[in-house]
Each structure stands twice: as structure tokens, then as C-alpha cells.
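**Q** Structure below; questions to follow.
The values are calculated or read from the model by the stated rules, or taken from the named source; none is laboratory data. Everything numeric in this text was worked out from a predicted model, so none of it was measured. The accessibility values were calculated without ligands, DNA or RNA, using every heavy atom of the protein model including side chains. Shrake-Rupley method; radii C 1.70, N 1.55, O 1.52, S 1.80 Å.
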Amino acid sequence: MSENKAVGIIGIGTYVPEKIMTNKDLESIVETSDEWIVDRTGIRERRIIAPDMATSDLASRAAQKALEDAGVTADEIDLIIVATATPDMSFPSTACLVQANIKATHAAAFDLAAGCSGFVYAMVTGSQFIKAGLYKKILVIGAESLSTILDWTDRNTCVLFGDGAGAAVLAETTPGYGILASQLGADGIGGDLLKLPAGGSRNPATAETVAQRMHFVHMSGNEVFKFAVKIMGEAAIKALKAAGLSAADVDCLIPHQANIRIIQSAAKRLKLPMDKVMVNVNKYGNTSAASIPIALEEAVHGGKIKQGDIVVLVGFGAGLTWASAVIKWGKEANTNC
Ligand code: ACO
């Protein structure tokens, strides 16, 4: 067992629902305008899950694509971690539902809750099992159906989010490649800024909690915005430093896709030109834990990331949480292990 094993992503896949909701569509639901939404957020459209589907369905489809991309079969997977704030139900975990769907019969499975930072939290967590020699192949998934927990009468929140899933297969990779460093953080004092107040043990579901719209996302947008602007650059710089690198070494930044203004401020803090920054918030809105893997997949399969590139993933979210990781991109599994 070596503590210095290189662990990286050897396959990646995504799934987004077919239904597109444009800003124009939203104009007939709440008092808003395409101009306001594009101006303040950069979002033009988002995907909405079909009524007969749930988060585990999105996650399973993304997982299958990641397995194909990695050339790995489901029964080779040792562990599935699903990062989500919108599980199918409190229990069983969405990870167990995915395990059954994709027939990953040898895999342990659990969910992880870290808001929009969830995928990076899951990737860093999963990689430790491989480094420790306990597991060889792990599926990490960020999957959300936020449209199911949005208050469609609240223009402050309903215009921002979308549904989707992204998955990655982790394995030991060529020495020098893979996840070079990471930084996970949390500030629970800020928990009230972004929450779903009812349906848990604090406020079990009652007719009153439903009437008070407590089963929907509640957010102090401005406060979250200020936190995000501060933390995105900071978290990226800390992870780069831990990897012995600086912002000048970055080939591609994959920021959490919440708001174009937050992404631009992170790029500015790192002094990165926008052509080194992956942006697809215009197409999908904020898909929470799914946003980073969806952006990463588009960057990889769209040719924006090449073998040997230094890639930085950075996100923030409910908790409050933040997470960053520096990856030297190289998608091959180490076949010697
Ligand atoms: N359409 C039109 N007007 C709107 C809308 C809308 N959809 N939403 C808000 N407004 C109005 C407000 O009511 C306000 O009007 P008022 O001045 O008359 O009260 C005005 O626009 C300005 O509102 P602000 O909140 O100041 O607008 P701001 O520029 O801060 O943008 C936004 C709001 C987009 C929510 C921004 O604060 C933001 O992006 N915050 C971060 C949110 C975020 O990233 N959340 C996800 C966290 S990650 C996770 O874990 C899920």
C-alpha cells in the first residue's frame, strides 16, 4: 500500500433532461425578464426533469456514460458516492438506487451532502479510499433535480437553477497525473443563508410547513453572492499552493456554474483570461452538485482540456461549503495496478 498513489478521473459522463426552459418561458411564470436574468446571472436556459424521473435516474444515466468512457464495467466498481441536495427520498440513499439501476453489485454506496461543492467533496473523499488501497474503482456522481424543490412563485430563486447529473470514474493513474491537491472547507454559521427549512427532523412535514412554503429553497442571494466572490478565488489559490503551483500554471478553470459574475470575479482574482475558464451556466443554470462535472465533461470532450493540462475545479454552496482540487489531466488508468 502506497500513500503516494496517483488517483485521477479515468472516465466522465453526463446526462441532462431533454426539456429546456428558457428565460422567455419564465416570463410567463413569474415577474421577470430575459434581460434581467441574462444581465444579472448569464443564464439563458436550463433543463427540467420529466415528471416520471427522479435524481437517481439522471445519476444512473450519467454513471453509465462515465463507465463507457472509462472502459470499465459496473461490476468492477467498488464504491458509489452520490453528491446531492435533492435525493429521491431521505432513505434509501440515491447512491443505493443508482447501484441497483446500473447493477454495480460489488459496490458499497452512500450519499454525501455538501451543496454545490458536493462533487468535489465526493471526488476527494473517493480518492482517499484508492490511495489507502481499500478500493480500486469508484464512481462519484453529482446529481440534482432542483426544479422539484423550487418555489415557482419566487423570482429570486426559481430563475437560477436547473437539473442534471455528471459522473466520473476514479482509479489509480499514471504517477504525476491525477488529483495533485485539494482544499475542502465549511462555515456552518452561514447555514441559514441557503436552506430547505422543512422536511427534516427540525421541522417535520406538516400541513402548516407546506402552507408556509417551507419545503422549497430559501436563499439570501446577496449574502451568498458576496461569500462566493470571496471564497472561489481563495479556495483555488490554496489548492494550487498545496500542489506547489500558482495561478499562472492553470490551463483550465472549471468553476461551479452559479452566476457568470461570480465566475468572472474568480477568473479576475486568479488573473486568468476567460478563454481558460469553462462557462456553460448560460445553457444549464445552476445545477448545484452536478454543475462542475457537467462543465468538466464539456471541457474534456469539447477539446478544451488536453492530456497534461493543469485543471482547477472550484465550487461553493449550501452549508456553507467550498471545495477546490488541482488535477493534472491524464485519463488513462494505471494498468500496472
Ligand atoms: N427578475 C427580475 N427582478 C428580480 C429577479 C428576477 N428573477 N430576482 C430578483 N429581482 C429583483 C429584486 O427583487 C430586487 O428588486 P428591488 O431592488 O426592487 O428589491 C432587484 O432585482 C435586485 O436584486 P438583488 O438581489 O440585489 O440582485 P443581484 O444583483 O444581487 O442578483 C442574484 C441576485 C442573481 C440572486 C445574485 O445575488 C446571486 O447570484 N447570488 C448567488 C446565488 C447563488 O449562487 N446561489 C447558489 C449557491 S450554491 C448551492 O449550494 C445551491
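**Q** Once each part is reduced to its C-alpha centroid, what is the distance from segment 9-86 to segment 168-185 in angstrom?
**A** Cα centres, segment 9-86 to segment 168-185: 24 Å.
**Q** If I ignore ligands, DNA and RNA and count only protein heavy atoms, how much of LYS19 is accessible to a 1.4 Å probe, in Å² to the nearest 10?
**A** For LYS19, solvent-accessible area is about 120 Å².
**Q** Here is a further query. Provide THR55, THR73 ordered by accessible surface of protein heavy atoms (probe 1.4 Å), highest first.
**A** THR73, THR55
**Q** Could you rank MET21, MET219, MET274 by how accessible they are, 1.4 Å probe, largest area first?
**A** Ranked from most to least accessible, the order is MET274, MET219, MET21.
**Q** With θ set to phi - 60°, apply the Karplus curve 6.51 cos²θ - 1.76 cosθ + 1.60 along segment 113-129 and write out the HN-Hα couplings as whole Hz, x wherever there is a Gly or Pro.
**A** 10, 8, x, 6, 7, x, 5, 5, 4, 5, 5, 5, 4, x, 4, 5, 5
**Q** Once amide H atoms are built 1.01 Å from N in the peptide plane, which residues 5 or more positions from GLY319, or in another chain, come under 5 Å H to H?
**A** It is LEU194, by chain and number.
**Q** Which ³J(HN,Hα) values in Hz, rounded to whole numbers, follow from the phi angles of segment 14-19 under the Karplus curve 6.51 cos²θ - 1.76 cosθ + 1.60, where θ = phi - 60° and Gly and Pro get x?
**A** 9, 8, 10, x, 6, 5
**Q** Considering only DSSP beta bridges whose two residues both sit in segment 7-176, what percent are antiparallel, to the nearest 5?
**A** In segment 7-176, approximately 65 percent of DSSP beta bridges are antiparallel ones.
**Q** OK, next. Under 22 Å Cα-Cα from LYS271, which lysines qualify once same-chain neighbours fewer than 8 residues away are excluded?
**A** Straight-line reach from LYS271, under 22 Å: LYS226, LYS230, LYS238, LYS241, LYS304, LYS306, LYS328.
**Q** Right, next: Probe 1.4 Å, all protein chains in place: accessible area of ILE10 in Å², nearest 10?
**A** 10
**Q** Using the Cα atoms of segment 7-176 to build a convex hull, what is its mean projected area in square nanometres?
**A** Result: 10.6 nm².
**Q** Summing -39500 (n - 2.57) over the DSSP H runs of n ≥ 4 in the chain and dividing by its residue number, what mean residue ellipticity at 222 nm do you reach, to the nearest 500 deg cm²/dmol?
**A** Here the helix-only value at 222 nm equals -9500 deg cm²/dmol.
**Q** Sorting GLU298, GLU144, GLU35 by accessible area (1.4 Å probe), largest first, what list results?
**A** The ranking, largest first, comes out as GLU35, GLU298, GLU144.
**Q** Calculate how many DSSP beta bridges within the chain are antiparallel, expressed in % of all such bridges and rounded to the nearest 5.
**A** Percent antiparallel among DSSP bridges in the chain is about 70.
**Q** DSSP beta bridges in segment 179-328, what fraction antiparallel, as a percent rounded to 5?
**A** Bridges in segment 179-328 are about 75 percent antiparallel.
**Q** In square nanometres, what is one fourth of the surface area of the convex hull spanned by the alpha carbons of segment 179-328?
**A** 9.7
**Q** Can you list the residues, at least 5 places off or on another chain, whose amide H is less than 5 Å from the amide H of GLY164, using H built in the peptide plane?
**A** The list, which skips near neighbours in sequence, is GLU144, LEU146.
**Q** Give the relative contact order (percent, whole number) for the chain; include only Cα pairs under 8 Å separated by 6+ residues.
**A** 25
**Q** How high is the relative contact order of segment 179-328? Use alpha-carbon pairs under 8 Å, at least six apart in sequence, and give a whole percent.
**A** 36
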